Amino acid sequence: MKYIRLFALFLSLCLLAGCSILPFQTPEEQRAAQETAESLRLEAQAQADPFTALDGDFSLKRTLTNSSGVVLATYEAAFPRFSENGEKAKSFSRINNYYESEITGLIQDAYSFFGEVKKAYGEEWDTVTLANKAFNIRINYELLEAPEGYLCVRCDFRVEENGQTETYSQAQVFLLDNGWQLTLEALFGTQYESAAPKLMASILAWCNNNGISVTGAENRTIEEFSGNYALTTEGFLFYTEPFQLNNKNPNRYSIPVTLSGYRSVLED
C-alpha cells in the first residue's frame, strides 16, 4: 500500500508540474503535430469566413412583356447564398433561409410593381409598340468587411419609375455563432442602455458637422435609426429615409459612427 501511495503522489506531482507521461516525441514529430493543428485552425477559420463561404446567389428576375413583345418593365434581385458545409454550417443555413424568404416575398412585390406599370400605360398597355417610360427595379448586394464573428450584407436598390430614379441602401447584420439577424439592441445586449445615447449623440454631431438640420434633435432616440444599420470594421453606418431628419429634407443619408469605444462590447 505504501508503494501505491508513493506512486500516486509521484503521478500527482508530475501532473502539477506539467510533466507528460506520453511517449517522447522527436522535434520532427512535434513540428508535424503543430503544422497539422495550424492547418486545422486555418481550415476552420476559412469555413467561418463569409467571403470564403459565399457560394452563389439567390436570384429573381421577372419581366413584364405585352402581347406586342414590348418589354415594359423588369424586376431583378440577388441576395447572397452561402455554403452549408464546415464549421458554421448551421449558421449559414439560417442566413440562407433568411435571404431565400426575402426572394419569395419579392415575387409578390414584382407583381404589384407590374400592376402599377400597367396603370401608368393605361388600358392600351398590352398593345403599345414603344416602351416610352422607364420602369425597372434592381437589387444587388455586397458583403462588407465586418468585425470577426459577424456578417454584414448591404443591399443596394435602384428604382426607375416613370422617369424618376431613386437609389438607396439597406443592410443586415448577423452573428456567425448562430446565424441570427441582430437588431442594434441585441448587438449590444446588456450595454444597450448605455450605448444608445452615445450613438445618438454621434449621429447628431455628424448631422451638425455636415450642415444637416434635424427636427426635434433633443427628443430623438437611437430606436428611430436602428432599423437599418450596417456594421463594418470601421464602424456603424445608419441609413436614413427621406424626411426622417427634417420634414423638409427629402434626401437619404448614410451616417457613419466610428467603432472606437464599442469594440470591447462586440468582442464580448
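The values are calculated or read from the model by the stated rules, or taken from the named source; none is laboratory data. Bear in mind the structure is a predicted one, so any value in this text is a computation, not a measurement. As a convention, Cβ positions derive from the backbone with ideal geometry for all residues, glycine included, and neighbour counts pool all protein chains shown. Each accessible area value is taken on the protein alone, full model and side chains, heavy atoms only, with ligands, DNA and RNA left out. Shrake-Rupley method; radii C 1.70, N 1.55, O 1.52, S 1.80 Å.
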Quiz prompt | Loop chymotrypsin sites (Phe, Trp or Tyr not before Pro), the range 172-268, which have at most 15 other Cβ atoms in a 10 Å radius of their Cβ (DSSP) | solution = TRP180, PHE243
Exercise. For the range 133-250, give the percent of accessible area contributed by carbon and sulfur heavy atoms, probe 1.4 Å, rounded to a whole number.
Key: 46
Quiz item: In a shell of Cβ-Cβ distance under 11 Å around GLY179, excluding GLY179 itself, what net charge do Lys and Arg (+1) and Asp and Glu (-1) give?
Solution: +1
Quiz item: If each Cα of the range 140-268 is one equal point scatterer, what is log10 of I(q)/I(0) from the Debye formula at q = 0.13, 0.14, 0.16 Å⁻¹?
Solution: -0.56, -0.65, -0.84
Practice problem: Would you kindly work out the equivalent ellipsoid of the range 52-166 from its C-alpha gyration tensor and give its semi-axes, the square roots of five times the eigenvalues, largest first in whole Å? | Solution: 36, 14, 10
Practice problem: Could you state the accessible area per residue of the range 114-214 in Å², with a 1.4 Å probe and every protein chain left in place? | Solution: 55
Quiz item: Roughly how many Å² of SER260 are accessible to a 1.4 Å probe, to the nearest 10?
Solution: 80
Exercise. DSSP loop (so not H, G, I, E, B), at most 15 other Cβ within 10 Å: list which trypsin sites (Lys or Arg not before Pro) in the range 204-262 pass both filters.
Key: LYS248
